[in-house]
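Any read-out appearing in this document is the output of simple, stated calculations on the displayed coordinates, not a laboratory observation. As the structure is a prediction and not an experimental result, all values here were calculated from the model. Every residue, glycine as well, gets a Cβ built from its backbone with ideal geometry; the counts of neighbours run over all protein chains shown.
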Amino acid sequence: MTMMDPLIVFTYKSQHKFSSFLCVCLLMIITFIEAQSNLCRTSCGNVPINYPLGIDDGCGSPYYRHILDCSELGKLELRTPSGRYPVHSISYSDPHVLVVDPYMWNCQDGDNFRPTRPFSLDTSTRFSLSPQNDYLFFNCSEDYVIVEPKPVFCERFPDRCDSSCDSASYLCRHLPECATALDRSSCCSYYPKATESLRLMLKYCASYTSVYWRTIGTSTTTDSPTSQVPEYGIRVDFDIPVTTHCLQCQDPSKGAGTCGFDTQTQNFLCLCKKGNVTSYCKDLDISEHRKASVIAGAVMGVSAAGAVGIGVGIWFVKKLRAKAPITCGVQSNENRLF
């Protein structure tokens, strides 16, 4: 077996590393351009997606990253530790997400209770269960659950009032959309303060459902009984973090950008049509104008250096023997990208 000249081996490895480096650089440049050109989607189906929420990574606030998912069919879902739930609507004026839990009891079930599971939220996010939710539990074992009419029970045992399930609840007596759905089953109302409390209730109750109070009309007085109606669903409240950076980014006079974040560092970014900046879109135009001459000079410098490098390379290749291995345009297990 003929030994390969060390000079040829060294040159081959150098060419191999340089080619791989160029491929990686080119891939990074293409990825960066594509990331800049793809702006954040503003809807999923008929549900609007605005700051601080986002369905594309790097859009919205990092506090709500990877929580909403939009399918190819335009179905929006909320991800939680207990599963994925269809999103019915999102309000930004009164920030909340309304989700539907298909495992909860509904009017069609009547006295037939299906297996259910407790709904839970990730406590590390800025989502929280709304106090406007009411929870109804069905067929609870009175050996383990205090099922009593609250007004009477609370007067007799004030220290145990919060732990009782109210059998005299208005919602139990007036089930939304189906007041007579229950013929043989008991109902009581209880607001679990933690997921563990909900799990414990479901251990001794056949099923449960969530009812939220939807505000109707233009009245700003939510305490009035006539301004709200009960509907099935789970209301999940969220915060809208307001920052100077985001307000400047969204300002129409400064380019009307989209608030987002760096997916690596999670630092703020203003997403613009021409690229991403840490301030606002019109600042990008100013920066590009100022840097034009610098970039041009840098390109000329790199071109000159490249020309010198090419000249040296040609001279060096001519010194190689004819038997030097040719790898241009060929992928081996050592130089493939994927």
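Annotations
- Mean Cβ count within 10 Å, highest first, over the residues of peptides 62-70, 204-212: 204-212, 62-70
- Annotation for K254 and A168: the two label points, set 7 Å from Cα along the Cα-Cβ direction, are 5.7 nm apart.
- The alpha-carbon of K282 sits under 18 angstrom from the alpha-carbons of these aspartates and glutamates, leaving out residues fewer than 8 places away in its chain: D251.
- Debye intensity ratio I(q)/I(0), log10, region 99-255, q values 0.12 Å⁻¹ (C-alpha model): -0.61
- In this structure, the amide hydrogen of C187, modeled 1.01 Å from its nitrogen in the peptide plane, lies closer than 5 angstrom to those of N139, counting only residues at least 5 positions away or on a different chain.
- Segments 190-199, 52-61 sorted - mean Cβ within 10 Å per residue, highest first: 52-61, 190-199
- 5 Å binning of all Cα-Cα separations within region 167-262, expressed as whole percents from 0 upward: 2, 9, 13, 15, 13, 10, 10, 9, 6, 6, 4, 1, 0
- Summary value for region 78-137: 28 percent relative contact order, contacts being C-alpha pairs under 8 angstrom separated by 6+ residues.
- Here's how it looks for H88: its modeled amide H is under 5 Å from those of L98, V99, V100, which are all 5 or more places away or on a different chain.
- Cα-based equivalent ellipsoid, region 142-213: semi-axes from gyration tensor eigenvalues, Å: 20, 16, 12
- Label-to-label distance for R160 and L73 is 4.9 nm, based on points extended 7 Å past Cα in the beta-carbon direction.
- Sequence-ordered 3J(HN,Hα) estimates for region 251-260 from the Karplus curve with 6.51, -1.76 and 1.60 and θ = phi - 60° stand at 4, x, 6, 10, x, 6, x, 10, 6, x Hz, glycine and proline given as x.
- Volume per residue of the C-alpha convex hull in region 92-145, rounded to whole Å³: 135
- A simple packing score, the average count of other Cβ atoms within 10 Å per residue, orders the peptides 177-186, 104-113 as 104-113, 177-186, with the highest score first.
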